[in-house]
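Undergrad: My structure is below; once you've seen it, I'll send some questions.
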Ligand code: COA
């Protein structure tokens, strides 16, 4: 039986930082308000001209090094992003060119903050089916480019960054299960209205009904945790680490409570990373792996909720 196992992780944060103190000079807010409501103190910002594929390249090289692989050994490149460099080619194709490897399939996955969870599920299918041996799965975002820094209701959340994993064929699991969902009925609660087809709309920044999104996120993540545990016939105590999408510390705490996990079993990066959408889980995973908290053989649960709405989870044996 083929399984997809994490053979390497990597991440990259651009050097620019936007602190809550910086935001206090831009909008009517305070460090106390932001930290209390979100758990965020700062977020990283891509430099002018630094694109999503640039961030993805750094994270990918680190993941390849950790896996002991050359880019030429990749059978597929998936990039989960909501902030592609351009409409086309895909960011995955641009990343492929920067990695100087041609030939293998490369495509973007657009599921907003759930994009990495979706991409892992897709990569897993190609590896289980025997079509791929090594798949590069990246979550990368330059959300600062679609953030309205006059809208205090959401500009406090978003940050830039990239995380990557290599999934490699193995006899041992690996990605044990993936659970994906979407409900397209709530567009108005979280969206960027402009797009090339709706070309009469010029608003190309994130619009969000924060309180409504918060409620749906907590309920939905509760359900996805139940679904994952039930599907695998495991109990709450079987999970070693929760590696959640970093949307808001209060949403993360609610999921940890649901799992009866103490917060020291949860990888939390939101304080310094903010919400980096599709990049947040692979960024957190890489932090947890590199600082030695997440060890080979441990069971991790990822979960995410995002625009669409989309939501999902992966149960992974490291
Ligand atoms: N600084 C200070 N005050 C702010 C503020 C800010 N940055 N943003 C909003 N406020 C004010 C509001 O104007 C409102 O004032 P009022 O009571 O006088 O009308 C008050 O704070 C409460 O606003 P509300 O929007 O209800 O706050 P909240 O507790 O829901 O927190 C979010 C706002 C955005 C932090 C929170 O709703 C959230 O995190 N939602 C989930 C968003 C999310 O995770 N999205 C991504 C999903 S992937």
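Undergrad: Could you check residue 204 against (1) assigned to a loop (DSSP other than H, G, I, E, B); (2) crowded, with 17+ Cβ neighbours inside 10 Å; (3) more than 15 Å from the ligand (Cβ to nearest atom) and say which number it fails?
TA: The one condition residue 204 does not meet is (2).
Undergrad: Does segment 282-301 hold any residues that are within 16 Å of the ligand (Cβ to nearest atom) and either in a loop (DSSP other than H, G, I, E, B) or over 19 Å from residue 62 (Cβ atoms) (or both), and which are they?
TA: none
Undergrad: Looking only at segment 302-318, how many residues end up being over 14 Å from residue 180 (Cβ atoms) and buried (at least 24 other Cβ atoms within 10 Å of the Cβ)?
TA: Residues meeting the conditions: 1.
Undergrad: Also, I was wondering about something else. Could you please give the count of residues in segment 147-200 that are more than 13 Å from the ligand (Cβ to nearest atom) and either out of contact with any strand residue (DSSP E or B) (no Cβ under 9 Å at 6 or more places or on another chain) or not in a loop (DSSP other than H, G, I, E, B) (or both)?
TA: Adding up the residues that qualify gives 30.
Listed here are the residues, each with its yes/no results for (1) at pLDDT 95 or above; (2) surrounded by fewer than 15 Cβ atoms within 10 Å (Cβ to Cβ); (3) touching a helix residue (DSSP H, G or I) at 6+ places or on another chain (Cβ under 8 Å); (4) not assigned by TED's automatic domain parsing to the domain that holds residue 295.
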site: 208; (1), (2), (3), (4): yes, no, yes, no
site: 213; (1), (2), (3), (4): yes, no, yes, no
site: 227; (1), (2), (3), (4): yes, no, no, no
site: 253; (1), (2), (3), (4): yes, no, yes, no
site: 258; (1), (2), (3), (4): no, no, yes, no
site: 268; (1), (2), (3), (4): yes, no, yes, no
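The values are calculated or read from the model by the stated rules, or taken from the named source; none is laboratory data. None of these values were measured; they are calculated from a predicted model. When we count neighbours, we look across all protein chains shown, and the Cβ atoms used for this are built from the backbone with ideal geometry, even at glycine.
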